[in-house]
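The values are calculated or read from the model by the stated rules, or taken from the named source; none is laboratory data. All figures in this text were calculated on a predicted structure; none of them were measured in a lab. Here the Cβ positions follow ideal geometry from the backbone for every residue, glycine too, while neighbour counts run over all protein chains shown. Just the protein is used for accessible areas: all its heavy atoms, side chains included, with ligands, DNA and RNA removed. Shrake-Rupley method; radii C 1.70, N 1.55, O 1.52, S 1.80 Å.
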Amino acid sequence: QVQLVESGGGQVQAGGSLGLSCVQSGSIFSINAMAWYRQAPGKQRELVASITSGGTTNYVDSVKGRFTISRDNARNTLYLQMNSLKTEDTAVYYCNRNNRPYYGWGQGTQVTVSS
């Protein structure tokens, strides 16, 4: 059974930085296109950034130039470096495959950005 464990969230002031990590176990990590998603209160979950098995990245417009997604296949770990954070980045952040079928969702990690 695949497990996804996200970590690294916290509370920061606007303009600050956070780095998230996601460790996958139970499946071959290196072959999957992976992504970070986020869900703010009262909103649907949205895709924030994705990375292919070969390292090609893509970002939603609202985070371009501020967030960087990366992966370490040897460690089965996905990363998201978030800089110049804004209050609208406040959400629970999750990792998962970039395409269906998704793995079971992890618990996520809370990111709170205060003004």
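Residues of segment 48-83 that are touching a Lys or Arg at 6+ places or on another chain (Cβ under 8 Å), within 20 Å of Leu4 (Cα to Cα) and open to solvent by 30 Å² or more (accessible area, probe 1.4 Å): Gly55, Tyr79. Inclusion of Gly15 among residues that are open to solvent by 50 Å² or more (accessible area, probe 1.4 Å), touching a Phe, Trp or Tyr at 6+ places or on another chain (Cβ under 9 Å) and assigned to a loop (DSSP other than H, G, I, E, B) is not warranted. Screening Lys43 with (1) outside any strand (DSSP E or B); (2) open to solvent by less than 50 Å² (accessible area, probe 1.4 Å); (3) within 25 Å of Gly104 (Cβ to Cβ) gives one miss only, at (2). Pairs meeting the criteria (first residue in segment 85-111 and open to solvent by less than 30 Å² (accessible area, probe 1.4 Å), second residue charged (D, E, K, R), beta carbons under 6 Å, at least 6 apart or on different chains) are Ala91/Arg38; Tyr93/Arg38; Cys95/Glu6; Gly106/Glu6; Gly108/Glu6; Thr109/Glu6.
Restricted to segment 20-33, and to residues there that are in a strand (DSSP E or B) and over 18 Å from Lys64 (Cβ atoms), the residue that is most open to solvent (accessible area, probe 1.4 Å) is Val23.
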